[in-house]
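For reference, the structure discussed in these notes is given below.
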Amino acid sequence: MSVTIRVFSEADTEAVIALWLQAFPEYNDASRPHRNPRLSIANKLGTQPELFFVATREVDGALVGTAMAGYDGHRGWLYSVAVAPEARRHGLGTRLVRHAENALAALGCMKLNLQVLTDKAEVLAFYERLGYRADAVVSLGKRLAAQESEALV
């Protein structure tokens, strides 16, 4: 499959949302407002938009993949790697990850982190094939929006 990987353009928004809703079923869960794809895109456009990549088929320009990366000067992060079902098993996910890795390395990033939901065995296996390993750490998280709503009470 011949694809081009390039930086996201706002014209890609609807195609990215359609892909994410297909690739990430949790984005369809209204009880998870932090999984709002429009908000994710808007936030990324406000912070390092040059690290938001899309893959399009050369034959028809259809958007078939995404990868978002971030770098805080200490560690890099990889998010929202998604490949359309019809484009899977052609190396596109690997190309997207390597593209993001190269962009981060060019910024001086020496360590890249990512998180995968524990019930996603196939996704974990994909990243393991690319050389990623579980770090001996505990990943902690806190939803700040919940804290805001509690303060209003």
Which numbered condition in (1) out of contact with any helix residue (DSSP H, G or I) (no Cβ under 8 Å at 6 or more places or on another chain); (2) over 21 Å from residue 12 (Cβ atoms); (3) among the small types (Gly, Ala, Ser) is the only one that residue 87 fails? (2)
Picked from the stretch 1-57 (must be closer than 25 Å to residue 91 by Cβ and among the acidic types (Asp, Glu)), the residue surrounded by the most Cβ atoms within 10 Å (Cβ to Cβ) is 12
Filtering the stretch 22-35 for residues that are within 13 Å of the chain's Cα centre (by Cα) and either farther than 13 Å from residue 117 by Cβ or of a type outside the set (D, E, K, R) (or both) leaves a count of 3
Hey, can you tell me all the residues within the stretch 1-18 that are closer than 22 Å to residue 104 by Cβ, of a type in the set (A, V, I, L, M, F, W, C) and part of a helix (DSSP H, G or I)? 16
Look at the stretch 45-78 and say how many of its residues are assigned to a loop (DSSP other than H, G, I, E, B) and more than 17 Å from residue 14 (Cβ to Cβ). 8
Considering only residues of the stretch 58-81 that are β-branched (Val, Ile, Thr) and over 13 Å from residue 97 (Cβ atoms), which is surrounded by the fewest Cβ atoms within 10 Å (Cβ to Cβ)? 59
Being touching a residue at least 12 places away in the same chain (Cβ under 8 Å) and assigned to a helix (DSSP H, G or I) is the filter here; which residues of the stretch 136-147 pass it? 145
Considering only residues that are part of a loop (DSSP other than H, G, I, E, B) and within 26 Å of residue 73 (Cα to Cα), look in the stretch 100-129 and name the one that is modelled with the lowest pLDDT. 117
The condition of being among the basic types (Lys, Arg), over 20 Å from residue 20 (Cβ atoms) and without any contact (Cβ under 8 Å) to a residue 12 or more places away in the chain holds, among 133, 75, 88, only for 133
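The values are calculated or read from the model by the stated rules, or taken from the named source; none is laboratory data. What you see is a predicted model; the values in this text were computed from it and never measured. So basically every Cβ, Gly included, is an ideal-geometry build from the backbone, and we count neighbours across all protein chains shown.
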